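To start, the structure under review is shown below, and the notes come after it.
Read-outs throughout are calculated quantities, based only on the coordinates presented, and are distinct from any laboratory measurement. The shown structure was predicted, so the numbers you read here are calculated from the model rather than taken from an experiment. Using ideal geometry, Cβ is built from the backbone for each residue, glycine included, and neighbour counts are taken over all protein chains shown.
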Amino acid sequence: MINVCHRCGSYRADKVIDLDGPVAVCPACGYRHSFVRLPLLLVSGASGAGKTAVCNQLVGTLDAVVMLDADILWQPAFATPENNYRDFFETWLRVAKNIGQSGRPVVLFGAGIGVPANLEPCIERRYFAGLHTLALVCADAVLAARLHARPAWRESAGRGFVDAQLQFNQWFKDQPAIDRLDTTHATVAATVAGVVDWIEGVLGAYR
């Protein structure tokens with residue numbers, strides 16, 4: 001665990017990062033812990049944009065990365081809108097950081113993880129060489145149809161939920177700093193291929 005100092009035993013996520021190592025410096029005793037600093041790749045988008053379908057197709061197919069769905073860690077304790085769900089995002093960054101010590105970066109699929117304001121302020125953010133986001137987007141009518149077609153138990157057909165996802169979908173379209181892939185007319189296979197191309201492009205920039 002990088003957060004536990006190997007010299008003094010202090011648990012400190014707020015270590016000072018020396019990029020020349022890279023090294024994480026313990027604020028309590030100054031111990032310098034070398035670690036692997038990798039990029040974190042985020043595949044995001046509104047509900048219904050195609051994240052889960054792509055993740056299900058890609059898991060286990062690319063040896064260079066570890067692909068995970070952010071929803072697997074969700075639990076009621078993380079439902080804290082008053083602090084912008086900070087513990088949820090910190091937890092995911094800590095998990096991805098530790099997985100990365102094997103030399104394989106994480107590709108994380110999820111909705112909120114694609115909003116820079118949710119991850120950039122996190123303490124654990126400092127351990128990553130960069131955060132790279134690809135948003136899956138589509139036409140409003142297509143997104144609404146996909147949400148209405150889901151099983152009733154998902155409760156995704158209500159007007160309030162659909163409207164919120166349409167707004168979120170538009171938000172991603174309006175962000176010039178976020179890469180986008182339009183899934184409106186694309187098959188799942190074509191979308192998967194597009195995501196793979198993006199992943200390989202991001203990783204290629206670090207080689």
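Given the Cα atoms of the chain, and with Rh set as the inverse mean 1/r over their pairs in the Kirkwood sense, what is Rg to Rh to two decimals?
My calculation of the ratio gives 1.00.
Straight distance only, please: which lysines reach the Cα of Lys15 with their own Cα at less than 27 Å, same-chain residues fewer than 8 apart left out?
Lys97
Only Cα pairs under 8 Å and at least 6 apart count here; give the relative contact order of the stretch 85-162 as a rounded whole percent.
Value for the stretch 85-162: 24 percent.
Relative contact order for the chain using alpha-carbon pairs under 8 Å, separation at least 6, rounded to a whole percent?
Numbers: 308 pairs, mean separation 49.1, N = 207.
The normalised contact order for the chain reaches 24 percent.
For a footprinting-style exposure proxy, rank Trp92, Trp153, Trp198, Trp171 by other Cβ within 10 Å, fewest first.
Values: Trp92 27, Trp153 6, Trp198 19, Trp171 15.
The order, fewest Cβ neighbours first, is Trp153, Trp171, Trp198, Trp92.
Would you mind ranking Arg180, Arg146 so that the residue whose beta carbon has the fewest other beta carbons within 10 Å leads the list?
Exposure proxy ranking, most exposed first: Arg180, Arg146.
What FRET efficiency would be calculated for the residue pair Gln170, Ser34, taking the C-beta separation as r and a Förster radius of 30 Å, to the nearest 0.05? Could the numbers behind the result be given before it?
Values: r = 43 Å, r/R0 = 1.45.
Efficiency, from the Cβ-Cβ distance: 0.10.
Work out the length of the dipole vector of the stretch 99-160 about its Cα centre, built from +1 on the beta-carbon of each Lys and Arg and -1 on the beta-carbon of each Asp and Glu, and round it to the nearest 20 debye.
Numbers: 7 positive and 4 negative charges, 28 e Å.
Charge dipole of the stretch 99-160: 140 debye, to the nearest 20.
If each residue's Cβ is checked for other Cβ atoms within 10 Å, how do Asp14, Asp20 rank with the fewest at the top? Present the calculation step by step, with values, prior to reporting the outcome.
Values: Asp14 11, Asp20 6.
Least crowded to most crowded, the residues run Asp20, Asp14.
Under 18 Å between alpha carbons, and skipping anything fewer than 8 positions from Lys51 in its own chain: which lysines qualify?
In chain and number order, the partners are Lys173.
What is the Rg over Rh value, at two decimals, for the stretch 15-125, using alpha-carbon atoms and the Kirkwood definition of Rh? Can you show the working numbers first?
Numbers: Rg = 15.2 Å, Rh = 15.2 Å.
When Rh is taken as the Kirkwood radius, the ratio is 1.00.
Rg(Cα) of the stretch 22-84 divided by 2.2 N^0.38 Å?
Values: Rg = 17.2 Å, N = 63, 2.2 N^0.38 = 10.6 Å.
So the Cα radius of gyration is 1.62 times the expected 2.2 N^0.38 Å.
Where both residues lie in the chain, what percent of DSSP beta bridges are antiparallel, nearest 5? Kindly include the intermediate steps, with their values, before the conclusion.
Values: 7 of 24 bridges.
Taking every DSSP beta bridge with both residues in the chain, the antiparallel ones total about 30 percent.
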